[in-house]
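Heads up, the thing below is written out as structure tokens.
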2 protein chains.
Amino acid sequence: MTTTFQNIKKAHERISPFVHRTPIHSSRIINEMVGGQLFFKCENFQKGGAFKARGAFNAIHSLDEVTVKRGVVTHSSGNHAAAVALGANSRNTTAHVVMPSNASAVKKAAVKGYGANVIECAPVLADRESTAKRIIEETGATFLHPYNDERVIAGQGTAALEMIEDLAEAGEKLDIVMCPVGGGGLLAGTALVTRSLLPTAKIVAAEPKGADDAKRSFDAGVLIPQTAPDTIADGLLTSVGEINFPIIMENVDDILTVSEESIIGAMRLMWQHMKVIVEPSGAVPLAAILEHELDLKNRKMGIILSGGNVDIDRLPW
Amino acid sequence: MTTTFQNIKKAHERISPFVHRTPIHSSRIINEMVGGQLFFKCENFQKGGAFKARGAFNAIHSLDEVTVKRGVVTHSSGNHAAAVALGANSRNTTAHVVMPSNASAVKKAAVKGYGANVIECAPVLADRESTAKRIIEETGATFLHPYNDERVIAGQGTAALEMIEDLAEAGEKLDIVMCPVGGGGLLAGTALVTRSLLPTAKIVAAEPKGADDAKRSFDAGVLIPQTAPDTIADGLLTSVGEINFPIIMENVDDILTVSEESIIGAMRLMWQHMKVIVEPSGAVPLAAILEHELDLKNRKMGIILSGGNVDIDRLPW
């Protein structure tokens, strides 16, 4: 199977009853600052506070009755864990979420609050994987990777699908589509949708300089895994997936990297002028526009505002 | 003139080309906490970050060409000032805004950023009023009171009008409508609309215990001005207006007061679960629901989320 635009359309039919068709927001002040027109698809208002619900729900609702009853498993300390928990709820099955013992109490509480069975493990990847493997052996549950999965990519693509459709209905046609890149689930899905619906639009991704494996891989033409990522954008720490990479190579026009300062500055701007809670990862595209001083004169850009899960007691300012 | 539902309908026609039809948001988690269904009309996404644009635009767009050319004046340190500045822009005239010298730099900068002529004065009401009077004498500009004004009340009522209309279109009928009360512009307008469109709905207001003149006046049946208000809800410091009070007495069913702790707690909940920036005043209705443990079982409540102008460097937690 290869993810195609048709898979994304089918994913949208599958998940639409369960996820929000999130609104698109703009800010006059931010538009004046950047000199173009920005449309933010507000996935911070999505179930679980991030676009991740789309991929998780698509994967879980793709499982047959017998398989889904055995439950689902993932290892994640972030938005994917919450999304899998919510998706499992919607099919009355159990989500087993392996979380590192040093994951924040806020995140653990959120995932438990969504009804998941949280299993703690040592904070190293080997232990996460072996713990997940043990649960799969014990329960027969299905493993759901956060991004290196065709069903997840198709689900994440539905955000751009809705954005482009809703803007078309409002008479707006995008010149550029932008999203952040971590593992590449959102970017691969967004790129496939954009290439199909807006063949002439540019597709640009943004990532932190402190986790710039996507940029380095894109430039080299081969996957270079991320080692020791260091960024406040905690949704973008991972390496690009093997399934995601060829889709990105084929469809994406450019990847821009940004400093931590730019991320925090863009996040502040969005809080102040858009009155929305955006997590650092969700501010990375605006950070790239500002840091690289993109020429957006008379141009319309659609941006996936990826999520809003922030510990409001520990803000970076 | 007496403000009527018809005035509010006319105000809506007048201002619709200039203000946002703001969205209505809900939170599954908050609904579960309160045991009912809450619909928040998100005026934090309104121009200037608060519902105040509605009243200011209605007043300014009610002025004839000759009068409006002489400019408009107000004295305010808050959301009304920004709203008047934006309204004046939309008619290519000057807004003179008298602000106390101790108003926050953030607020002064915002009002200046909207193009207003900011005049500083000593931080006492007498000086504010005399400074405004001097400007009126010098320029012939029209004074725009933040709430004790029929045109302003009619404008503020348009938020509830849109909320009730949009929910009706979605098949939802409200049992209760709630908003915060400071000067009573929003409350008077909201009450008139609700009484006309939903005759059997309850109309409830909420205010801080530290600025509870509306509650005391409502119970006594006579206006009791607020002295020495003390609350984090800086949009609700003022006394109820003389024009507003009889409308409130006639139409409002109850006024609830809340502690500072409840306001901050409700604000946190809205930030965390709705991913929206709400200012303390905008969190007062949810604070009242939680503090008074309102029985909302099987009930639908519409709430005007009044604004989102917060200094994000000085959060109350």
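Here are the numbers:
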| quantity | calculated |
| --- | --- |
| Qualifying residue in the range A:200-208 (condition: farther than 28 Å from A:Ala82 by Cβ, at pLDDT 95 or above and outside any loop (DSSP other than H, G, I, E, B)) | yes |
| Some residue of the range B:227-248 being in contact with a Lys or Arg (Cβ under 9 Å, 6 or more places away or on another chain), in a helix (DSSP H, G or I) and either away from chain A (no Cβ under 14 Å) or at positive phi (or both) | no |
| A:Lys47 vs. criteria free of Cβ contacts under 8 Å to residues at least 60 places away in the same chain and within 12 Å of another protein chain (Cβ to nearest Cβ) | yes |
| Counted residues, the range B:292-317 - those being under 26 Å from B:Ala109 (Cα atoms) and in contact with a Ser or Thr (Cβ under 8 Å, 6 or more places away or on another chain) | 3 |
| Tally of residues being out of contact with any helix residue (DSSP H, G or I) (no Cβ under 6 Å at 6 or more places or on another chain) and buried (at least 24 other Cβ atoms within 10 Å of the Cβ) across the range B:160-173 | 1 |
| Which listed residue, of A:Asp175, A:Asp166, is in contact with a Lys or Arg (Cβ under 9 Å, 6 or more places away or on another chain), acidic (Asp, Glu) and either over 16 Å from A:His25 (Cβ atoms) or free of Cβ contacts under 8 Å to residues at least 40 places away in the same chain (or both) | A:Asp175 |
| Residue match in the range B:152-168 (condition: assigned to a loop (DSSP other than H, G, I, E, B) and more than 27 Å from B:Ser239 (Cβ to Cβ)) | no |
| Some residue of the range B:104-122 being more than 25 Å from B:Val181 (Cβ to Cβ) and hydroxyl-bearing (Ser, Thr, Tyr) | yes |
| Residues located in the range A:12-22, provided they are closer than 17 Å to A:Glu165 by Cα and within 14 Å of chain B (Cβ to nearest Cβ) | A:Val19, A:His20, A:Arg21, A:Thr22 |
| Test for A:Ala141: is it surrounded by 24 or more Cβ atoms within 10 Å (Cβ to Cβ), more than 24 Å from B:His273 (Cβ to Cβ) and touching a residue at least 24 places away in the same chain (Cβ under 8 Å) | yes |
| Residue among A:Ile263, A:Ile232, A:Ile224 that alone is surrounded by 20 or more Cβ atoms within 10 Å (Cβ to Cβ) and within 26 Å of A:Ser76 (Cβ to Cβ) | A:Ile263 |
| The one condition in (1) out of contact with any Ser or Thr (no Cβ under 9 Å at 6 or more places or on another chain); (2) in a strand (DSSP E or B) that A:Ala110 fails to fulfil | (2) |
| Hits in the range A:257-269 - residues which are of a type in the set (Ser, Thr, Tyr) and assigned to a helix (DSSP H, G or I) | A:Ser262 |
| Residue that is within 24 Å of B:Ala211 (Cβ to Cβ), at pLDDT 95 or above and among the charged types (D, E, K, R), where the choices are B:Asp175, B:Asp127, B:Asp149 | B:Asp149 |
| Subset of the range A:270-317 that is among the charged types (D, E, K, R) and outside any loop (DSSP other than H, G, I, E, B) - its residue that is nearest to the other protein chains (Cβ to nearest Cβ) | A:Lys300 |
| Residue that is surrounded by the most Cβ atoms within 10 Å (Cβ to Cβ), among those in the range A:23-42 that are closer than 22 Å to A:Lys9 by Cβ and more than 10 Å from chain B (Cβ to nearest Cβ) | A:Lys41 |
| Residue check, B:Ala132 touching a residue at least 40 places away in the same chain (Cβ under 8 Å) and either among the small types (Gly, Ala, Ser) or outside the structural domain of B:Leu223 (by TED's automatic domain parsing) (or both) | yes |
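The values are calculated or read from the model by the stated rules, or taken from the named source; none is laboratory data. Just so we're clear, the structure is a prediction, and the values are computed from it rather than from any experiment. Because the Cβ atoms are built from the backbone with ideal geometry, glycine has one as well, and the counts that use them run over all protein chains shown.
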